[in-house]
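Comments concern the structure below.
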Amino acid sequence: MCICVNCLWVDRCQTYHSVERQHEVTHLTATPDIVPIDPLINISILEKANGSTEVEWDVRACKSFRKDQGRWMRLCPGQEIPK
Ligand code: SF4
């Protein structure tokens, strides 16, 4: 799971904005203004049951991470957390 969903900066972060683009999900903001320090992105290639593949991007570490548990869920109530 991407640590960004529990980060205070998730709706302002340029790296998370890129992750959203890779996952083809709706952006939390059109104008992210935070440039995080040293985000470490894990990229996984997953094979799906139908034989197609899916690329998953997850931020696993980041020096700018500031814990705000459940921030993404509070910003998007009732929506499923992007995988
Ligand atoms: S953990 Fe880092 S990359 Fe993720 S939202 Fe926070 S500042 Fe951005």
>> Could you check the spin-label model distance between Leu40 and Val55? Points 7 Å from the Cα along Cα→Cβ, value in nm.
In response: 2.1
> Say the dipole of the chain comes from +1 at the beta carbon of Lys and Arg and -1 at that of Asp and Glu; which of Cys7, His27, Leu40 then lies farthest toward its positive end?
Replying inline: Cys7
>> How large are Rg and Dmax for the chain when calculated on the C-alpha trace, in angstrom?
In response: 12.9, 39
> For the chain, what is the charge dipole size about the Cα centre, in debye to the nearest 20, if Lys and Arg each add +1 at the Cβ and Asp and Glu each add -1 at the Cβ?
Replying inline: 320
> Summing -39500 (n - 2.57) over the DSSP H runs of n ≥ 4 in the chain and dividing by its residue number, what mean residue ellipticity at 222 nm do you reach, to the nearest 500 deg cm²/dmol?
Replying inline: -4500 deg cm²/dmol
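How high is the relative contact order of the chain, given as a whole-number percent (alpha carbon pairs under 8 Å, six or more residues apart)?
The normalised contact order for the chain reaches 40 percent.
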> For Leu8 and Glu47, FRET efficiency with R0 = 35 Å and r from the beta-carbon atoms, rounded to 0.05?
Replying inline: 0.50
> Going by average Cβ neighbours within 10 Å, how do the peptides 48-61, 23-36, 1-14 rank, with the highest at the top?
Replying inline: 1-14, 23-36, 48-61
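Just so you know, all these numbers are worked out from the coordinates, no wet-lab data involved. Given the structure is predicted, the values throughout are model-derived calculations rather than measurements. Positions of Cβ are generated from backbone atoms using ideal geometry, with glycine treated the same way; all protein chains shown enter the neighbour counts.
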